[in-house]
Amino acid sequence: MSHHTLFGDHPATRPLDEVDGVQFLDTTLRDGEQAPGVSLTPDDKAAIARSLDSADIDVIEAGSACTGPGERETISRVAQLDLDATVTSFCRGIQNDIDLALECGVDGIDLVVPASDRHVEDKVGTSREDNVQSTVELVEYAKDHGLWVEVIGEDGSRADLDYLEELLAAALDAGADRICWADTVGHATPDRALECVSRLSELGPVSTHTHDDLGLAVMNALVSVAAGADLVHGTINGIGERAGNVALEEVAIALDHGYGVESMDLTEVYDLAKLIANRTGIQLAPNKAVVGQNAFTHESGIHTDGTLKDDAMYEPYPPEKVGRERRLALGKHAGRAGVEAALDEHDVEATDDQLDEIVGRVKELGDRGKRVTDADLLTIADEVTGQSQDRRVELLGLTAVSGSDTPTASVRLSVDGEERKAAAVGSGPVDAAMNATEDALSHTANATLEDYHVDAITGGTDAIVTVEIEMSRGDDSVAVSASDSDITRASVRAMVDAMDRLVSDDSETLVADD
């Protein structure tokens, strides 16, 4: 039995669990790129667009055609990918912007027109009446040219609601496919979102565009849906100007888990989040909902023990739902059950006394403020059980050059007792060195770098950097960290140590590539 204490009891809302699906418009390639320091290449945008399409995103805003020739080239490339999603360009209330969008071959436009007096009179320098007339003419022009049209009332959360209703009603009468309530500066409370969207939803199909300046973006998106919106604008990972846009993956899981409402393909979420983090350079916060490193990681002994007994003991939904895996982290809070489970994952056997000693040493390492990686655990286990194994992969030498136009690196490895050398180029010295290392290991190693980040840096010109990576090979994965004053050397050492662990129990010889 449902209890609609928040959504449904209010006369202007509908029960969310009775909503028949919600569509998403992703603006990562436009609004997300407006985050400080983000600049996406055509290759970046094409890769992200394909992944968004694979995740069943309904509308992809590829950029703003008026930005310049480079942006138009990029938008055109996305438009030519033959995606299932509707591909749009963001347009200001200017006919030339629509013409430029048409040149890019997009399916439609997101036409933004001023809605608040601050924008109508002070920014654009027009009147309310002329703004309505201009909007009508632009919609008719776009529809005459075969475009799907959504009209966004900019700064709608601070607009006079009667005027906003008049403006967007005129847009629909002129042929617009839908209208959008935009909380452009993240100003709105849920009460304001409810008031605005419930009024606009009576006019026709309405979307909602929320920002997170008050930390209310997800809440305002959900309220909007309850008030009648059937399409939510947002970005993956919540990137965007200032505090960012609403994170679509958070809206998606809230709708799915809380109310059984479908939106995007949740199993694609984590890969999509990692792709966008890597392409934009905005890394995921460890405590980020849904896609953060800690979202399904358990260290506390009590939580780990409970999770091992019942997966749902300390998780609201299974990690597989969003394309993730559960992790048992080791540190000062680790318990016996967690350490034993981690050893089992690596097929390490230990007696009760040995296990107690391993747990003690793990806690001791954690007390020193260090996260205990898989490699740390296995080293401790080797020492305690006396089952240490000879290394199969060792780093013998590394040279990296970054002062030239093309960063290059060469490595010397010992692989199964055979010395191997390889050289490679990359986008930087770290990338070049890791490419060379991968070449030297050969294709038979067949390992994948799943995650890479700089864990900690000390101060001063002789700073020590700690690099942590996660690699997988088949069904096995391992996390390893390495510290050095040289980030390139730290990266390669971590990669080599991870590979050594991944192949330690494999009897197959790592044959060199020709």
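The values are calculated or read from the model by the stated rules, or taken from the named source; none is laboratory data. For clarity, every value in this text was computed on a predicted model and none was experimentally measured. Using ideal geometry, Cβ is built from the backbone for each residue, glycine included, and neighbour counts are taken over all protein chains shown. Ligands, DNA and RNA are stripped out before the accessible areas are found, and what is left, the full protein with its side chains, is counted by its heavy atoms. Shrake-Rupley method; radii C 1.70, N 1.55, O 1.52, S 1.80 Å.
Observations on the structure shown:
- Region 219-242, residues that are in a strand (DSSP E or B) and in contact with a His (Cβ under 9 Å, 6 or more places away or on another chain): Val232, His233, Gly234
- Residue count for region 346-369 under the criterion of being surrounded by fewer than 17 Cβ atoms within 10 Å (Cβ to Cβ) and either assigned to a loop (DSSP other than H, G, I, E, B) or in contact with a Leu (Cβ under 8 Å, 6 or more places away or on another chain) (or both): the result is 6.
- Residue list for region 272-283, restricted to those being part of a helix (DSSP H, G or I) and surrounded by fewer than 16 Cβ atoms within 10 Å (Cβ to Cβ): Asn278
- The set of residues in region 34-60 that are open to solvent by 10 Å² or more (accessible area, probe 1.4 Å), modelled with pLDDT of 95 or more and assigned to a helix (DSSP H, G or I) comprises Ala47, Arg50, Ser51, Asp53, Ser54.
- Test for Glu249: is it of a type in the set (D, E, K, R), over 28 Å from the mean Cα position of the chain (by Cα), open to solvent by less than 50 Å² (accessible area, probe 1.4 Å) and farther than 19 Å from Asp110 by Cβ: no
- Going through (1) open to solvent by 20 Å² or more (accessible area, probe 1.4 Å); (2) closer than 18 Å to Ala252 by Cβ one by one, Thr210 falls short only on (1).
- Output for region 109-130, where each listed residue is surrounded by fewer than 21 Cβ atoms within 10 Å (Cβ to Cβ) and either under 17 Å from Leu168 (Cβ atoms) or not charged (D, E, K, R) (or both): Asp117, Val124, Gly125, Thr126, Ser127, Arg128, Glu129, Asp130
- Residues (touching a residue at least 60 places away in the same chain (Cβ under 8 Å), under 10 Å from the mean Cα position of the chain (by Cα) and buried (at least 18 other Cβ atoms within 10 Å of the Cβ)) located in region 252-271: Val269
- When each of Gly68, Gly125 is tested for being at positive phi and more than 31 Å from the chain's Cα centre (by Cα), the lone residue that passes is Gly125.
- Residues (of a type outside the set (A, V, I, L, M), open to solvent by less than 30 Å² (accessible area, probe 1.4 Å), touching a His at 6+ places or on another chain (Cβ under 7 Å) and not in a helix (DSSP H, G or I)) located in region 131-176: Asp155
- If the condition is being open to solvent by less than 30 Å² (accessible area, probe 1.4 Å), β-branched (Val, Ile, Thr) and part of a helix (DSSP H, G or I), then region 67-105 contributes Thr74, Ile75, Val78, Ile98.
- Residues that are among the aliphatic types (A, V, I, L, M), within 25 Å of the chain's Cα centre (by Cα) and either farther than 19 Å from Ala35 by Cα or not in a helix (DSSP H, G or I) (or both), drawn from region 189-217: Leu214, Leu216
- Residue ID - surrounded by the most Cβ atoms within 10 Å (Cβ to Cβ), chosen from residues in region 177-202 that are under 12 Å from Val112 (Cα atoms) and in contact (Cβ under 8 Å) with a residue 60 or more places away in the chain: Cys180
- Residue in region 252-266 that is among the polar types (S, T, N, Q), at pLDDT 95 or above and assigned to a helix (DSSP H, G or I) present: no
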